[in-house]
1. If only one of ARG293, ARG268 is surrounded by 11 or more Cβ atoms within 10 Å (Cβ to Cβ), within 15 Å of ASP213 (Cβ to Cβ) and in the same structural domain as ARG212 (by TED's automatic domain parsing), which one is it?
2. For the structure I just gave you, tell me whether PHE653 is within 19 Å of PRO499 (Cβ to Cβ), in a helix (DSSP H, G or I), in contact with a helix residue (DSSP H, G or I) (Cβ under 6 Å, 6 or more places away or on another chain) and among the hydrophobic types (A, V, I, L, M, F, W, C).
3. If you go through region 587-602, how many residues are charged (D, E, K, R) and surrounded by 17 or more Cβ atoms within 10 Å (Cβ to Cβ)?
4. Among the candidates ARG104, ARG70, ARG94, ARG109, single out the residue that is of a type in the set (Lys, Arg), under 31 Å from the mean Cα position of the chain (by Cα) and outside the structural domain of GLY403 (by TED's automatic domain parsing).
5. Does at least one position in region 232-243 carry a residue that is among the basic types (Lys, Arg) and part of a helix (DSSP H, G or I)?
6. Which numbered condition trips up GLU410, out of (1) in contact with a Ser or Thr (Cβ under 7 Å, 6 or more places away or on another chain); (2) not in a loop (DSSP other than H, G, I, E, B)?
7. Can you tell me which of (1) under 30 Å from ASP25 (Cα atoms); (2) out of contact with any strand residue (DSSP E or B) (no Cβ under 9 Å at 6 or more places or on another chain) is the one SER150 doesn't meet?
8. Looking at (1) surrounded by fewer than 15 Cβ atoms within 10 Å (Cβ to Cβ); (2) modelled with pLDDT under 90; (3) of a type outside the set (Asp, Glu); (4) within 27 Å of the chain's Cα centre (by Cα), find the lone condition where VAL286 falls short.
Amino acid sequence: MSPAGAFGRVGCSLLTFREWDRLEDALDRVRAHGFDRVDLAIVPGHCDHVDPLALGDGRLEAIAGAFAERGLSVSSVNLHPGGMASSDFALADRRIRATVELARHLGARVLTLPPGPVVAPDQWEEAARVVAARIRAYLEVAERAGITLSLEAPHAHSLAEDVAQAARLFERVADPRITCTLDTSHVQRGNRTPLVEALARLGVPIAHVHLRDTLRGEVTVTPGKGDCDYLPLMEALLRDGYAGDFNFELEYEPSSHAIVERELGFAREHVRRVMQGEPLQLESRVRRQAWFRAVDGAAWIARHPRAFVVAHPRLKAVLRPPVRFARHVRTNWVPYRQVQYRAGWQAGWRVGRMPSDVPPRPMAALPGADLAEIRVAILGCGYTGRFEHGPGFLRLPGVKIAGVCDVRPERAELLASRLGCPSFTDAARLLREVRPALVVNCTREWTHHDTTLMCFDAGADVFCEKILAESLATGEHMVRAAREKGRVLGVNYNWRFLPGVQRIRELRDSGELGKLRMIRALSHAGVHHHVIDLVRHLGGRIRTVSATIHDEPGTRGLEEWDAYAHELLYFPSTWCAATLETEDGVGASLVSSGLLDPKGLLLTLDAVFDDGTVNLSGILDKDALGTLTASTRKKIDLRLRRGDAPGGFALSFQRSIEAFYSAYRRGGEIPVTGADALELMRIEHALVRSSETGQRIVL
């Protein structure tokens, strides 16, 4: 068969429409683009149109009916069950077996599985052996269902990152019944040889093809806009009797529906012209010209100079000395314009920059503390667990990271590979097998209660992310359970440890500017709960609150919180204006809004003392240092000290973790207890009640 005659075998993966929540809506869009073949993608937490573990109560028939009603056939089921080489394989096993039954019911010909996550070179052989054995174990059940098993290899950031590694993995599999799902972007990525040459190097039958493109190593490029030459590959496959389909699998970072639709339309037209021998679209022809590639490459280098240099080690070595010299000159001698917020945006000129890059270092030993090794586990491997608590606890003396857990196995495996520990998808199993002394709870707020009590029952203390819980009742239960069971419950309010906040606290404690009288803050809604804590941290316990809130949930930054916002404000939407009074006589006025641009303003805070005012401004989503300025009767030193950097929020997490850990190991008073965090929740609750009743609330 010629490529022209095979265009009817071009279909679309539902990964392309992963931003459409309902399976039926995604299928409608596939049909609207003229496809009658579908690659059903099941990637938990990423593409959730179908859950193979929830197919009861007629759901299986409903899914099959949704395909049949639209005249769509299933080319392949593309499943990411979890780590194929993970020690915690029970959940992945259930997903694979359930998906085989689903594929049989839908009449799919191929079940595609991933090769597993990337590992260190010295661990590759063992991981490959485990993956090979596991995939072979499903051959019998797949054959009974009439399904062909296939590995999607090569695939970036996996056990088979390139064609050579994929060929090695297939050699370990050593069974001709296990085939290959070929993703054109991952084959072409980083390779200068044409796509078609990969067929002979892989040495296994091709069961299915995903069509994507690649450019400069990026694999989310629309076909026709990158390096892939599809026609020779298709001709070779069809000449060898290829019986599978060609499915577009377009993935973009969160993008509008209109962009996805436009890019899929472009890709379909490009491949149609390629297969039918018609002239390519003008844009594709232009992109293939040498002059365009040169201009486009130069423009990309201008936009991403660091990425270009990192990709060329020899160039990096040559540029390192002059770059270091240029940084020294820039840091110490070059004037720069500084924009600050002080009751309005103001600009001025300075010379030299404060240091903002301090390399991470292990925490110093803790004199007087018992540093017998303790086992620490991390629940929740999203952004905070992965980038803040994982590295933060790894650097502490006397800590062994004993395990991590997340309901999304790929997240757990990624963090586990970085921390050198096992991964889990079931918290109960982690607690049972690892037996940690301390658990860092980075799960979502509305799961804090159940997971924390589970840890207490397993004999573990808990360091919990803020806020403590989603309701006063569950927060009170957590604090009561910690007290009754004799367990430690700490909460991470890391903004207390911003360098600017710490300096204001030092000024308050020293009395250098007299008594603190007033705090005024303007903040983004996303840090509203931090600002309440800062008022309590700097001004003392809060005794009365008054607030007016204009709430439009559509503007709230965390939609999942809408269900709980009737009790705790947490994320104001349009705006919240509040007045608070502390037991120390400090008055505070807070204004927060979800409409502020976090790149331009997260927080500006004025601390008014008897002898002057200190302003912390310029706290942005990429700058946790900001700028301290003062209008005072006394000369005070507001310069950053050594160690008050880097400028990201990782520093505040590091200091918060260290402060908690130091107190925890010495048996002292931890910075923010569960009782403290519960009091902050009561303040938020009072703000909501005050706005509803129009009254001032006494705590």
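The values are calculated or read from the model by the stated rules, or taken from the named source; none is laboratory data. Predicted, not measured: the structure shown is a model, and the values here were computed from it. Don't worry about glycine lacking a Cβ; one is built from the backbone with ideal geometry, like all the others, and counts go over all protein chains shown.
1. ARG268
2. It is true that PHE653 is within 19 Å of PRO499 (Cβ to Cβ), in a helix (DSSP H, G or I), in contact with a helix residue (DSSP H, G or I) (Cβ under 6 Å, 6 or more places away or on another chain) and among the hydrophobic types (A, V, I, L, M, F, W, C).
3. 0
4. ARG94
5. yes
6. (1)
7. Checking SER150 against (1) under 30 Å from ASP25 (Cα atoms); (2) out of contact with any strand residue (DSSP E or B) (no Cβ under 9 Å at 6 or more places or on another chain), the one that fails is (2).
8. (4) is the only condition that VAL286 fails.
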